[in-house]
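Notes to accompany the following structure.
Just so it is clear, none of the values below were taken in a lab; they were calculated from the coordinates. The structure presented is a predicted model; accordingly, all values stated were derived computationally and were not measured. Ideal geometry is used to build each Cβ from the backbone, glycine not excepted, and the neighbour counts take in all protein chains shown.
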Amino acid sequence: MAGTIVATDTPAAGGRKPPGRAGWLLLAPLLAWLACFVVAPTAILFAYSFCQRDELGFVVWEFSWENYARIADPVYLKIFGRSLWYAGLTTVLCLLIGYPVAYYIARAPASRRPTLLMLLMIPFWISFLLRTYAWISLLKADGLVSATLEMLHLIPEPLEILYKPAAVLIGLVYTYLPFMILPIYTSAEKIENSLIEASMNLGAGPWRTLAHVILPLTKPGIFAGVLLVFVPSIGMFAVNDLMGGGKVDMIGNVIQNQFGQARDWPFGAALGITFLALFVISFWFLHDRGEVKRT
């Protein structure tokens with residue numbers, strides 16, 4: 001007896017069923033939060049970027065491209081270049097330091113992983129300012145680092161590293177290193193041991209296995225970590241102010257100054273929109289090449 005074909009509302013293979021009313025209700029709080037705290041502020045910033053400022057520092061709602069034209073000034077282009085350089089160097093150092101740590105945690109016995117992850121997250125239990133001031137105490141001329149190196153006769157005189165570019169770089173790497181480790185750990189944890197064993201059994205050494213098996217499988221985590229480190233480190237200003245002593249200007253410091261001391265909100269808004277464009281370009285550059293994948 002031939003079976004009867006019953007029509008159902010199940011989507012075809014490969015298709016996706018649109019969210020129903022219940023799905024939209026569940027999404028409503030997230031959409032409202034995004035609208036209030038992401039879309040609306042960005043729209044206001046975008047509108048301010050085309051305004052002007054009068055002699056008293058008040059915003060005048062007159063359309064002008066002048067703020068974006070000012071960004072082409074060599075001074076600000078140099079600051080943008082310096083910000084990109086520091087952000088890129090921070091990202092590379094975080095990747096070189098964080099990848100082995102993330103892989104070690106991912107391949108550790110399951111019973112030890114929660115402890116290792118907790119040790120990684122402990123710094124987040126402490127205020128960011130307290131951690132930064134702790135680094136200042138360590139890196140100052142009479143701090144622990146300099147005193148230890150002098151005691152070991154590795155340096156002839158106190159080490160002058162605080163309020164210099166090296167101190168800013170140390171602070172940036174320390175701040176964003178966990179944001180590189182966690183996405184890579186998530187990808188590395190999914191790698192089956194059988195794939196690594198098969199590679200070794202087929203004659204591939206550790207380095208070839210790393211290059212042709214492990215790295216390709218952890219690419220989603222690597223590029224997620226690159227985005228999480230590179231983009232916010234461009235706009236970081238607190239580390240630069242505290243550990244750089246205000247001597248290492250980055251785009252975040254300039255934007256903060258425009259909205260604060262300079263009271264030039266339209267120009268600060270133009271700098272902020274330009275910074276946002278850098279993020280969009282960075283994300284598109286990775287996504288367009290298929291490096292950012294859904295896991």
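Taking K and R as +1 and D and E as -1, what net charge do the other residues with C-beta under 15 Å from the C-beta of Tyr48 add up to? After counting each charged neighbour, the total is -1. Computed from Cα atoms alone, the Kirkwood hydrodynamic radius reported for region 193-253 is 14.5 Å. Annotation: amide H-H contacts under 5 Å for Arg53 (H modelled 1.01 Å from N, sequence separation of 5 or more, or interchain): Val60.
Relative to the compact-globule estimate of 2.2 N^0.38 Å, the Cα radius of gyration of region 72-288 comes out at 1.20.
Summing Lys and Arg as +1 and Asp and Glu as -1 over all other residues whose Cβ lies under 14 Å from the Cβ of Asp142 gives a net charge of -2.
Among the listed pairs Lys78/Lys164; Lys78/Lys219; Lys140/Lys247; Lys78/Lys247, those whose Cα-Cα separation exceeds 24 Å are Lys78/Lys219.
Electrostatic tally near Leu116: other residues with Cβ closer than 15 Å to its Cβ, Lys and Arg +1, Asp and Glu -1, net +2. Magnitude of the charge dipole for the chain, about its Cα centre and with charges confined to Cβ atoms of Lys, Arg (+1) and Asp, Glu (-1), is about 940 debye.
Peptides 254-260, 231-237, 192-198 ranked from most to least packed give 231-237, 254-260, 192-198, packing being the mean of other C-beta atoms within 10 angstrom over each peptide's residues.
With just the Cα atoms defining each centre, how far is region 90-136 from region 186-207? Give it in Å. Using only Cα atoms to place each centre, the spacing works out to 24 Å.
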